[in-house]
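Student: Handing you a structure now.
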Amino acid sequence: LMLPNNESRKRLFFLLLYLGIGYIYWSPLVGLQAHYFIFSLLILILFKIISSDNQSLKKLLLVAFIIRIILAIIQAYTAIDLPGAGADSLAFEKHAWDYARAWHSGDYSTLPSSAYRYYSALIGFCYYYFGRIELIPQLINVSFGLLIIYVTYNLTKILSSCTRTALIAAFLAAFSPTLMFYSSILLREILIICFLLLSFYYFVKWLESNNYIYMISSFIATMLSALFHGSMLFISWVHLLCFGLYSSKEKSFRIAGKYLFVVGFMLLSLVLLLNLDIITYKAPTDLQSLVSLESFQNIVGNRTIGRTQYLEGFIPKSYFDVLWHTPIRSFYFMFTPFPWMVKTAGDLLFLSDVLIYILLLYFSAAGFKRLYNNNKVAVVSLLLIVASIVVLFAWGTVNYGTAWRHRAKIAPFLTVLASVGLAMNPRFNWLFPDDPVGSDELLRIEA
C-alpha cells in the first residue's frame, strides 16, 4: 500500500526472498545468523530509502537513517545513555530476555505482567532467535522511526497537494529530537506513534477514496497501537465517529446503514479485546471505571513523588473539579518545565523540547487556517486526535520527565500542520526551493 510503483514491489519481493533463503541457510549457526540478520535488515531499510521517487526525500531518509543508526550503536555499545533511556528501557530489555529464556526452557511462570507484555515479547522474539544482541531490536525501532518520516511525508502531500510542504514535514519529523532518540532505544514509544500515525493516514485515504480497505486498515493500526499502550483505545472514538456519520462519497455527514454496520463490528471488536484480556494495560475494562471520580483521584494520587513532579496535591474532589482541572493539567503537560523549574542539564533538554512545541503550535495555527477549507473533516479529526492525546496523558502524567515522553505522540500530527505554515512563510523559502510542485494549490488555499 505504501510502495510507489510496481517495479519497487517486485524489487521488494526478491529482496524478501533473499532474506528468507539466507535465514534458512544460516539458521543452524546462531552467531552468523545474528550478523546476517543485522546486515539484511540494514539492506532492507536502505532499499526502502532508495525506492522513493523523490530525490530530496531519499536524502532526508538516508541522513535520518545514519543518525539513528549512530545513536543506536552508541546506546548499545557504549556506557552513554541516550535521553529517554533509563529504568523503563532496562525493564523492557530484562523482561525480553525473560521471554526468550522462558521460550527456550518451556517454563512460563516468570513471564512479565501486561505492562511489558507485547513490546518485551517482540524484543524477546529477537533474543530467542539471535541471542541477547540489543542492536537487532533497536534496528526494528529505527525502521519504525523511518516509517514515521515516510508516512508523514505522504500524509502531508495528500492534505496539502504540495511536494515541498510534504518535504518540510518529513524534514521536521526526521530531525525531531524525541523521535530520533526513541527510534534508537528500547522503548515502545516509536511503535505506538507509528501505528497511531498510520491509523490516521489510512483514515485520510478512506476520506479520499471511500475504500473500505482503508477504513479497516485504520482500525487495525489503532488496535496495534493499543497493544503497546491500552490508552490508545480512546483515540479510536474519532475514527468511529466519522466512520459512522460521514460519507466520503457524498462529502457530507449522514447516518448510513452500511457504515453503522462496520462501526458496530469495530465496537464489538473493542469489547472483545477488553474482555479477553488482550488489551488491558492502562485501559479500564468497564465504563464505570472510566468515568468514576475515584478513577481520576487514583490516577493523579498514586504517582511517585519526585523532583520533576508538578501539581502535587492537585486532586479532584468533584466532577466539576475534573472539568476545570483538565485545561490546567493539559497546559502543564504541554509546557513544563517552566524556566524557573530548570535545575539540571536534563531539564534544559526538556525545556528545549517545550520551545520546539511552542514553535510547532505557532506554525500549526497558520497551517490550520490554510488547510481547513479544503480538508475540513481530515483537519478537524487531526485536531481531535491531538486534543484527545493531550487530555488523556495530561491526567495520566504528573511529572515533566514523563510528559516529555508522551508529548512525542502528537509530534507527527503537529508536524503536518506546521509544515504548511512554514511552507507559506517567505522567511523559510530556503527550505527545499527546488521542489515547488503543488505550491500553487496552497496559494489558492491561502486566497
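Student: Which members of the stretch 147-196 meet the condition of being within 11 Å of the chain's Cα centre (by Cα), over 27 Å from Y127 (Cα atoms) and polar (S, T, N, Q)?
Tutor: T152
Student: Also: Within the stretch 206-239, which residues are over 30 Å from S120 (Cβ atoms) and either touching a residue at least 60 places away in the same chain (Cβ under 8 Å) or surrounded by fewer than 21 Cβ atoms within 10 Å (Cβ to Cβ) (or both)?
Tutor: Passing the criteria: L207, E208, S209, N210, N211, Y212, I213, Y214.
Student: Let me ask another. What are the residues in the stretch 331-370 that are under 21 Å from A418 (Cα atoms), modelled with pLDDT of 90 or more, in contact with a Leu (Cβ under 9 Å, 6 or more places away or on another chain) and of a type in the set (A, V, I, L, M, F, W, C), if any?
Tutor: Within the stretch 331-370, M334, L360, L361, F363, A365 meet the criteria.
Student: Here's another thing I want to ask about it. Only one of K94, K157 is out of contact with any strand residue (DSSP E or B) (no Cβ under 9 Å at 6 or more places or on another chain), surrounded by fewer than 16 Cβ atoms within 10 Å (Cβ to Cβ) and part of a helix (DSSP H, G or I); which?
Tutor: So the residue among K94, K157 that is out of contact with any strand residue (DSSP E or B) (no Cβ under 9 Å at 6 or more places or on another chain), surrounded by fewer than 16 Cβ atoms within 10 Å (Cβ to Cβ) and part of a helix (DSSP H, G or I) is K94.
Student: Name the single residue, out of those in the stretch 363-408 being of a type in the set (V, I, T) and touching a Ser or Thr at 6+ places or on another chain (Cβ under 7 Å), that is nearest to P327 (Cα to Cα).
Tutor: Among residues in the stretch 363-408 that are of a type in the set (V, I, T) and touching a Ser or Thr at 6+ places or on another chain (Cβ under 7 Å), the one nearest to P327 (Cα to Cα) is V391.
Student: Let me ask something else. Please pick out the residue among T402, T415 that is surrounded by 24 or more Cβ atoms within 10 Å (Cβ to Cβ) and polar (S, T, N, Q).
Tutor: T415
Student: Can you pull out the residues in the stretch 370-399 that are in contact (Cβ under 8 Å) with a residue 60 or more places away in the chain, assigned to a helix (DSSP H, G or I) and not β-branched (V, I, T)?
Tutor: Within the stretch 370-399, R370, L371, A378, S381, L382, L384, S388, L392, F393, A394, W395, G396 qualify.
Student: Looking at this structure, is S199 under 29 Å from A121 (Cα atoms), of a type in the set (S, T, Y), part of a helix (DSSP H, G or I) and modelled with pLDDT under 90?
Tutor: Answer is no for this residue.
Student: Another question about this same structure. Kindly provide the set of residues from the stretch 299-330 that are at pLDDT below 80 and exposed (fewer than 15 other Cβ atoms within 10 Å of the Cβ), ordered by number.
Tutor: Matches in the stretch 299-330: G301, N302, T304, I305, G306, R307, G313.
Student: Out of all the residues in the stretch 288-298, is one or more at pLDDT below 65 and of a type in the set (A, V, I, L, M)?
Tutor: Within the stretch 288-298, one or more residues are at pLDDT below 65 and of a type in the set (A, V, I, L, M).
Student: Of the conditions (1) closer than 23 Å to F181 by Cα; (2) surrounded by fewer than 18 Cβ atoms within 10 Å (Cβ to Cβ); (3) in contact (Cβ under 8 Å) with a residue 12 or more places away in the chain, A365 clears all except one; give me its number.
Tutor: Unmet condition: (1).
Student: List every residue pair whose Cβ atoms sit under 7 Å apart, with the two residues 6 or more apart in sequence or on different chains, where the first one lies in the stretch 332-348 and is without any contact (Cβ under 8 Å) to a residue 12 or more places away in the chain and closer than 16 Å to I358 by Cβ and the second, anywhere, is among the hydrophobic types (A, V, I, L, M, F, W, C) and part of a helix (DSSP H, G or I).
Tutor: Pairs that qualify, where the first residue is without any contact (Cβ under 8 Å) to a residue 12 or more places away in the chain and closer than 16 Å to I358 by Cβ and the partner is among the hydrophobic types (A, V, I, L, M, F, W, C) and part of a helix (DSSP H, G or I), are V342/L348; V342/L351.
Here's the yes/no breakdown for (1) closer than 19 Å to L383 by Cβ; (2) at pLDDT 85 or above; (3) among the aromatic types (F, W, Y):
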residue: F393; (1), (2), (3): yes, yes, yes
residue: T402; (1), (2), (3): no, yes, no
residue: A418; (1), (2), (3): yes, yes, no
residue: N425; (1), (2), (3): no, yes, no
residue: R444; (1), (2), (3): no, no, no
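The values are calculated or read from the model by the stated rules, or taken from the named source; none is laboratory data. What you see is a predicted model, and the numbers here were worked out from it, not measured in a lab. Cβ sites come from the backbone with ideal geometry, for glycine too, and all protein chains shown count toward neighbours.
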